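Nothing in this text is a laboratory measurement; each read-out follows from the coordinates by a stated rule. Note that the structure is a prediction, hence the values are computed from the model and not measured. Positions of Cβ are generated from backbone atoms using ideal geometry, with glycine treated the same way; all protein chains shown enter the neighbour counts.
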Amino acid sequence: MAKVRTRNEIRFILNGEDVALTTVAVDATLLDWLRLNRSLRGTKEGCAEGDCGACTVLVGRLSAGRLVYESVNACIRFLGSLDGTHVVTVEHLRGDGEKLHPVQQAMVDFHGSQCGFCTPGFVMSLYALWMRSPEPSDAAIEKALQGNLCRCTGYEAIVRAARAISSYGKAAKDPLAAERKAITIRLSAMKDGSRVEIGVGKQRLVVPANADDLASVLDKEPSATIVAGSTDVGLWVTKHMRDIAPAVFIGNLDGLCTISEDKGVISIGAGVTYSDAFALLSKRIPTLGPLFDRLGAEQVRNMGTIGGNIANGSPIGDTPPPLIALGAQLTLRRGKKWRTIALEDFFIAYGKQDRLSGEFVEAVHVPVPAKGTKFAVYKITKRRDEDITAVLGAFYLTLARDGSVVDIRIAYGGMAATPKRAFRVEKALLGKPWTEASVEAAMAEYVSDFTPLTDMRASAEYRALAARNLLLRFFAESSGTKAPIQVTRYEAA
Ligand SMILES: Cc1cc2nc3c(=O)[nH]c(=O)nc-3n(C[C@H](O)[C@H](O)[C@H](O)COP(=O)(O)OP(=O)(O)OC[C@H]3O[C@@H](n4cnc5c(N)ncnc54)[C@H](O)[C@@H]3O)c2cc1C
Ligand code: FES
Ligand code: FES
């Protein structure tokens, strides 16, 4: 591997100012730094776990040479992950002028704020939306605000403000639009291909120069904490006070952020965020679209990665079951050694994955469903938005010309200690006609496949019943014998 240069500072742009930090605690969050070190207190702390959106800021990054701004949760975003980015806080919105920004003025005029605690977070989420979609639909507004909670105003006034922003100014004339070219040049200049290393001994953070460099860093320091989007690791720090040092930050790393399709297989690098992955995945596999809209909220989707969702081995992660049903493969890398395994074989037991010391998830490869096959995924939660799965079922079916089942893969989350296939149910369906009678008969096999638990999300009985009924729903929808029963959102008359 070519030797890489090392630098001992994190460089980024904060609003208009270049920042270079040589002392950064491994677990320092952007929110604490903004409020405590920079006195930028417009960004609030509500929950400190990515749920309420009071801490929303924008982070601009270069993606294939293009500058993109995304809303993120500053409370679980580590300072160490910001190298080469542009951080925009609510204080930057007024530019040098005295007038409020169009987003702020709309919030004032439409009474979108009462106590004001949540308001900067809403403003930043709406700002991100307005930049990419100046005339958003109500559905787009709702989606952009999934991750922002308000306890007193009520959302109607905020939605009215969101609809009206463009009548206060043009997104093309916005201060960020005006400085976009200059920021792109400044960010490009920061990208010098170096590894960043800050701190000494155990209390060190490393931002590798690229995927090859990550491999050599982990080779030498296999027990370091890998941090991708930090939508899990952030909470280890803010909620569980865990020591994550030394940490290796891999978000936005060259060689890990590519997504491509070759011969019907989509390969997603482990550093690709949900938002970037879903843009392509939901185009090629449309039935995945509704799931993605219900995975976390915009801020979480802009940070979290599918690689992290797999690597954490959670039994209730949303992407493993559908990817297992689709027959995905996983590439792992240690030093100069690669191996590719079936994704389902990665999950061994609760908290135990097939990952060797010093190895990392490099990419996941997802076959696009073949023509004529049927695929569906259903997520069951207590509330529609920003909620963790109680039960999630994914189904992939191939029928013969005579209507019998040639191949079926059924995978669940929330039903066992790992994401898991329903092998007995599948076996009971193979070769049988795809009829309600066959499905009803196969449902008896769920007890052999799963012994679900009771927890705060659902009882064991509920999970067992829901899992069976999801198969029935898949049958009804895929066979066209009953009307689809998906309720995606409530539309006011
Ligand atoms: C508010 C909120 C809502 C959420 N909602 C959902 C939801 O609806 N559905 C859902 O499934 N999840 C949800 N999550 C959980 C979270 O988004 C996912 O688990 C996420 O995919 C983790 O990815 P990450 O990139 O943030 O990983 P990180 O937090 O950076 O890392 C997670 C784990 O994976 C390891 N890791 C990361 N990348 C690699 C790699 N390349 N190789 C080896 N190990 C690696 C880390 O060391 C760590 O152990 C939510 C989280 C929050 C905060
Ligand atoms: S403080 Fe609630 S999401 Fe960050
Ligand atoms: S205005 Fe008070 S929490 Fe939203």
> How do Y155, Y127 line up, fewest other C-beta atoms within 10 Å first?
Replying inline: Y155, Y127
> Going by how many other beta carbons lie within 10 Å of each one, how would you line up F12, F450, fewest first?
Replying inline: F450, F12
> Cα-Cα pairs above 19 Å in the range 111-161: how many percent?
Replying inline: 16 percent
> Angle between the Cα long axis of helix 119-132 and the longest principal axis of the chain, 0 to 90 degrees, nearest 10?
Replying inline: 80 degrees
> One-quarter of the Cα convex hull surface for the range 62-212, in nm²?
Replying inline: 11.4 nm²
> Nearest 10 degrees, 0 to 90: what angle lies between the long axis of helix 155-164 and the longest principal axis of the chain (Cα atoms)?
Replying inline: 70 degrees
> In Å, the Kirkwood hydrodynamic radius of the range 360-467 over pairs of distinct alpha carbons?
Replying inline: 15.2 Å
> Lys/Arg Cβ at +1, Asp/Glu Cβ at -1, dipole of the range 272-384 taken about the Cα centre: which of P320, F360, Y378 is farthest positive-ward?
Replying inline: Y378
> Among the lysines, which fall within straight-line cross-link reach of K3, defined as a Cα-Cα distance under 27 Å, with same-chain neighbours fewer than 8 residues apart omitted?
Replying inline: K191, K202, K220, K336, K337
> Taking Cα atoms, how many degrees apart are the long axis of helix 274-284 and the longest axis of the chain, rounded to 10 and kept between 0 and 90?
Replying inline: 40 degrees
> When the Cα centres of the range 107-126 and the range 265-279 are compared, how far apart do they sit, in Å?
Replying inline: 32 Å
> Put +1 on the Cβ of each Lys and Arg and -1 on the Cβ of each Asp and Glu in the chain; which of C75, Q104, A171 then has its Cα farthest toward the positive end of the dipole?
Replying inline: A171
> If you average the sequence gap of Cα pairs under 8 Å that are 6 or more apart and divide by the length of the range 348-493, what percent do you get for the contact order?
Replying inline: 17 percent
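For the chain, calculate the relative contact order in percent as a whole number, restricting contacts to Cα pairs under 8 Å that are 6 or more residues apart.
The value is 12 percent.
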> If you put +1 on each Lys and Arg Cβ and -1 on each Asp and Glu Cβ, how big is the dipole of the range 259-367 around its Cα centre, in Debye rounded to 20?
Replying inline: 300 debye
> Residue by residue, what Karplus-based ³J(HN,Hα) values in Hz, rounded to whole numbers, does the range 57-68 have, using 6.51, -1.76 and 1.60 with θ = phi - 60° and x for Gly and Pro?
Replying inline: 10, 9, 10, x, 9, 8, 10, 6, x, 9, 8, 10
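Give me C257, C47, C115, C75 sorted ascending by neighbouring Cβ count inside 10 Å, so fewest comes first.
Lowest count first: C115, C47, C257, C75.
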> Setting aside same-chain residues fewer than 8 positions from K352, which lysines have a Cα under 17 Å from its Cα?
Replying inline: K420
> Among the lysines, which have Cα under 17 Å from the Cα of K371 when same-chain residues fewer than 8 positions away are ignored?
Replying inline: K263, K283
> Dipole magnitude of the chain about its Cα centre, charges +1 at Lys/Arg Cβ and -1 at Asp/Glu Cβ only, in debye to the nearest 20?
Replying inline: 500 debye
>> In the chain, if the dipole is taken from +1 on Lys/Arg beta carbons and -1 on Asp/Glu beta carbons about the Cα centre, which of T23, C150, L187 is farthest to the positive end?
In response: L187
>> Residue by residue through the range 172-177, what is 3J(HN,Hα) from phi via Karplus (6.51 cos²θ - 1.76 cosθ + 1.60, θ = phi - 60°)? Round to whole Hz and write x for glycine and proline.
In response: 5, 9, 5, x, 5, 5
>> Using the Kirkwood radius over C-alpha pairs as Rh, can you work out the diffusion coefficient of the chain via Stokes-Einstein at 10 °C, viscosity 1.306 mPa s, in µm² per second?
In response: 67 µm²/s
> For the range 175-192 and the range 1-45, what is the separation of their C-alpha centers, rounded to whole Å?
Replying inline: 17 Å
> Counting pairs of alpha carbon atoms under 8 Å apart in space and at least six apart in sequence, what relative contact order in percent does the range 171-284 give?
Replying inline: 20 percent
>> Using the Cα centre of the range 134-285 as the reference point, and only Cβ charges (+1 on K/R, -1 on D/E), how large is the resulting charge dipole? Debye, rounded to the nearest 20.
In response: 460 debye
> So, in Å, what gap is there between the alpha-carbon centers of the range 214-254 and the range 347-368?
Replying inline: 16 Å
